[in-house]
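See below for the structure under consideration.
Each reported figure results from applying straightforward, stated rules to the coordinates on display, with no laboratory input. Just so it is clear, the structure is predicted and the values come from calculations on it, not from any experiment. Neighbour counts run over all protein chains shown; Cβ positions are idealised from the backbone, glycine included.
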Amino acid sequence: MKSVALYLTAIVLGVVLGFGSAWMVLSNGKLLGQFEHDHWFGNEDAGSTAADPYTRGIIAKIGLLALNRSETIYFHRYVDDHDEPLREQCVYELSGVALPTRWWSITVYAGDDYLPVNGDAAFSVDASQIQTQADGQWSTRVAADRAGAANWISTRNAGEFNLALRMYNPDERAREDASSIPYPKIRRVSCSEAVS
Amino acid sequence: MKASVKFLSVLLPVAVVTHLGTVFAAPYVLMDAAMDRISRHGKIVNQWSHPGRTSEKSRNVVRPSPDLAYSACVYDLKDGPVHVTVAAWDDYMSVSMFQHNSDNFFVINDRQAPEGVDLMLIERGAAHPAGARLVVESPSRRGIILQRRVAPTQERFDLAAAARQGDVCTTTSSKQLQ
């Protein structure tokens, strides 16, 4: 009787451990980091029929219905230029130049991988709407309030958030050599409380 | 054998098998959940559904882009081929297909189809329908077809919504090709 209880406990614990560890892995977008440049990371096999089971599982969990690399390249960013998690309590400056692709966008997602619920309707910037300088450079305020900025991504109610960079119909060089892409920079301007 | 050894000799294999089983099964389970939501619990199958503009209330699929107008069709090839048409768009537009394990097995965009998309979707290995301009073979019987149109403003979204009204995603078992 004692042995039966022992085995049953081991089975239950094994199932809990196995399922829990798998779900933690599948929920961790950072593990997709097959390549990383300037803290933006991506995976060449995202959406591909050649994806390994872990890549396929993570994409299904955090990016279901992602297009394969022949059509779109996706990058994700979870940290600022100090390697600290992106947080709604901080103000960031996101800046860059024209990207080597037909169309691009950068979108904020809350920790649950959906758009933050804040009523601001300022979830993204994209190539067709962003206001640029004469030399093609652009910058965007990433913060909980607009504070008069021309370009703004609202992080209100986003908690610890992340950004997704989508590049549709990327140029051949960008597709073949992700290190050639002039990735947008993210500079932490200030935080309303000390960053631990 | 010590009790702790017996305990671990059961726990570890069970944990490993459960872990790997979960990783392998997750894409199928998550696709099933997405298909269930998009098809409104199976009521809208082989038919385009055209949701409104993406907002913070959009929760059918993770990480939606607010700059794209999406339309989705949950397909089921049990009754034969599915005819898919998508109207042309004057900016980036694509039609992509995802099999049951979530892999993106087909995509075509507006550059490749400047006059719009017109294709027949069949199950892999099935006979190709006569008269079809483009035939795509699905590795699985069920899956999701998704169209994306760049539409970052309300004005552009309204135009996209008008453009897609005549789009078709329907089984051809009771309908001959035009």
Considering chain A as a Gaussian network with a 10 Å cut-off on Cα pairs, which listed residue, A:Arg141, A:Arg102, A:Arg56, attains the greatest mean-square fluctuation?
A:Arg102
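Using a 10 Å cut-off around each Cβ, can you sort B:Met93, B:Met35 from fewest to most neighbouring Cβ atoms?
Ordered by Cβ neighbours within 10 Å, fewest first: B:Met35, B:Met93.
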Positive-end residue of A:Ser180, A:Leu67, A:Gly96, charge dipole of the range A:55-196 with Cβ unit charges
A:Leu67
I want the antiparallel fraction of DSSP beta bridges within the range B:46-178, as a percent rounded to 5.
90
What is the distance, in nm, between label points placed 7 Å from the Cα along the Cα-to-Cβ direction at A:Glu172 and at A:Ala134?
3.5
Within the set of other residues whose C-beta is less than 10 Å from the C-beta of B:Gly116, count the net charge using Lys and Arg as +1 and Asp and Glu as -1.
-4
Return the distance in nm (one decimal) between the two label points of a simple spin-label model at A:Val4 and A:Asn157, each offset 7 Å from Cα along Cα→Cβ.
5.3
Separation between Cα centres of the range A:36-57 and the range A:130-148, rounded to whole Å
29
Give the calculated FRET efficiency between A:Glu36 and B:Arg37 to the nearest 0.05, with a Förster radius of 41 Å applied to their Cβ-Cβ distance.
0.80
Could you work out how far apart the two model spin labels at A:His82 and B:Ala88 are, taking each label as a point 7 Å from the Cα in the direction of the beta carbon, and quote it in nm?
5.3
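Cα gyration tensor of the range B:40-89, axes a ≥ b ≥ c as square roots of the eigenvalues: rounded (a/c below 1.5), prolate (a/b > b/c) or oblate?
In terms of gyration-tensor shape, oblate.
Please work out the FRET efficiency for the pair B:Lys2 and A:Phe19, using the Cβ-Cβ distance as r and a Förster radius of 22 Å; give the result to the nearest 0.05.
It comes to 0.25.
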Give the average over all directions of the projected area of the C-alpha convex hull of chain B, one decimal, in nm².
13.9
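Normalised by the number of residues in the range A:1-118, what is the relative contact order in percent for Cα pairs under 8 Å and 6+ residues apart?
18
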Please identify every one of the GluC sites (Glu not before Pro) in the range B:98-178 that sits in a loop by DSSP and has no more than 16 other beta carbons within 10 Å of its own beta carbon.
B:Glu115
Alpha-carbon radius of gyration plus Dmax, which is the widest Cα pair, for the range A:82-196 in Å:
14.3, 43
For A:Ser27, enumerate residues with amide H under 5 Å from its amide H, sequence gap 5+ or separate chain, H modeled in the peptide plane.
none
Structure-based [θ]222 nm, chain B - -39500 (n - 2.57) summed over DSSP H runs of at least 4, per residue, nearest 500
-9000 deg cm²/dmol
Return the equivalent ellipsoid semi-axes of chain A as a descending list in whole Å, where each equals the square root of 5 times an eigenvalue of the C-alpha gyration tensor.
35, 23, 13
Taking A:Glu93, A:Glu160, A:Glu71 and counting other C-beta atoms within 10 Å, the order from fewest to most
A:Glu160, A:Glu93, A:Glu71
With θ set to phi - 60° and the Karplus curve 6.51 cos²θ - 1.76 cosθ + 1.60, what are the ³J(HN,Hα) couplings of the range A:113-128 in order, to the nearest whole Hz, using x for Gly and Pro?
6, 10, 5, x, 8, 9, x, 7, 6, 10, 8, 7, 10, 9, 4, 7
Once the mean of 1/r over all distinct C-alpha pairs in the protein assembly as shown is inverted, the Kirkwood radius in Å reads 22.3
Rounded, prolate or oblate: which fits the range A:43-104 when a ≥ b ≥ c are the square roots of the eigenvalues of the alpha-carbon gyration tensor, with rounded for a/c under 1.5 and prolate only if a/b beats b/c?
oblate
